[in-house]
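Asker: Sending over a structure as structure tokens; questions will come in a sec.
The values are calculated or read from the model by the stated rules, or taken from the named source; none is laboratory data. All figures in this text were calculated on a predicted structure; none of them were measured in a lab. Every residue, glycine as well, gets a Cβ built from its backbone with ideal geometry; the counts of neighbours run over all protein chains shown.
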Amino acid sequence: MTNTLKRSLGLIALLISLWGCASTPDPPVFLVPANDGPEGYTLKDEQWTFETKLIRLTAAPMRPADLAGEPDAIGILSGKDYIIIRMEIENKSDRKLLFNPAYAAMLTDTSDYYKPLDYTDIYTILSEADEVGAPVRGLRGRIYDLTVTLEPGAKTTRLMLFPPVDKDSDSAQLFIKNIYIGKADISVTIPLTKDKTKPEEKGKKTGGS
């Protein structure tokens, strides 16, 4: 065997070894509602529900298959592993309901603290990725970024978006604070846990409007 052939075989063996040792990137963290929650909490088909005589609030994670018909920006952010939660708020009372998304936050078990993205945040993210223009159309009124006012009996379904969660995170809590209904001040904590199933492997859920 010639020296050239030996060197070639040695190089091939080295490449095979390096290929086998290459680590597989960790999948993005996808959060789903946890099984246990506060009083008034129920869970069905990945949808978390909190209900009292004054309010009904539901929250569910949005997988790629759930995003058909959403503004282009939502699909782009989903592809970048942003957390997207569909949340419906129904005012069951006979008084006006006010909710300011600025009082919402997500805290993970790795002590990361996230605030929901507003229109300006999303525009900036897309601008930095050279993806602006058409993708942001349709976002107004589709995401929770400004104060929501609901008359008695009314409800709204919108999306709440958060930055990608650290891959070391196994759980998180979504805090929805200071929902005002008349003089009542309601705060809700939504427990979330990591789902190890690939997002695209889950079935499509139905949504509201």
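Asker: Where in the stretch 1-74 are the strands (runs of 3 or more DSSP E), entirely inside, with at least 1 residues that are modelled with pLDDT of 85 or more, closer than 24 Å to residue 171 by Cβ and not hydrophobic (A, V, I, L, M, F, W, C)?
Answerer: Values: elements: 30-33, 41-44, 47-51, 55-61.
Those strands (runs of 3 or more DSSP E) span 41-44, 47-51, 55-61.
Asker: Taking the stretch 90-126 only, how many residues are surrounded by fewer than 22 Cβ atoms within 10 Å (Cβ to Cβ) and of a type in the set (A, V, I, L, M, F, W, C)? Steps first, please.
Answerer: As a first pass, look at the stretch 90-126 and keep what is surrounded by fewer than 22 Cβ atoms within 10 Å (Cβ to Cβ): 90, 92-96, 98, 100-103, 105, 107-115, 118-121, 123-126.
After this cut, where a residue has to be of a type in the set (A, V, I, L, M, F, W, C) as well, the list is 98, 102, 105, 107, 125-126.
So the answer is 6.
Asker: Sticking with this one: Can you confirm whether residue 191 is touching a residue at least 24 places away in the same chain (Cβ under 8 Å) and surrounded by fewer than 15 Cβ atoms within 10 Å (Cβ to Cβ)?
Answerer: For residue 191, the condition - touching a residue at least 24 places away in the same chain (Cβ under 8 Å) and surrounded by fewer than 15 Cβ atoms within 10 Å (Cβ to Cβ) - is not met.
Asker: If the requirement is being under 11 Å from the mean Cα position of the chain (by Cα), acidic (Asp, Glu), surrounded by fewer than 19 Cβ atoms within 10 Å (Cβ to Cβ) and more than 26 Å from residue 153 (Cα to Cα), which of these qualifies: 72, 81?
Answerer: 81
Asker: For the structure I just gave you, tell me whether residue 206 is among the β-branched types (Val, Ile, Thr), modelled with pLDDT under 90 and over 16 Å from residue 85 (Cβ atoms).
Answerer: Working: among the β-branched types (Val, Ile, Thr): yes; modelled with pLDDT under 90: yes; over 16 Å from residue 85 (Cβ atoms): no.
Here the answer is no, as residue 206 does not meet what is asked.
Asker: Just name the residue that is surrounded by the most Cβ atoms within 10 Å (Cβ to Cβ) out of those in the stretch 127-141 that are touching a helix residue (DSSP H, G or I) at 6+ places or on another chain (Cβ under 8 Å) and of a type in the set (D, E, K, R).
Answerer: The residue in question is 131.
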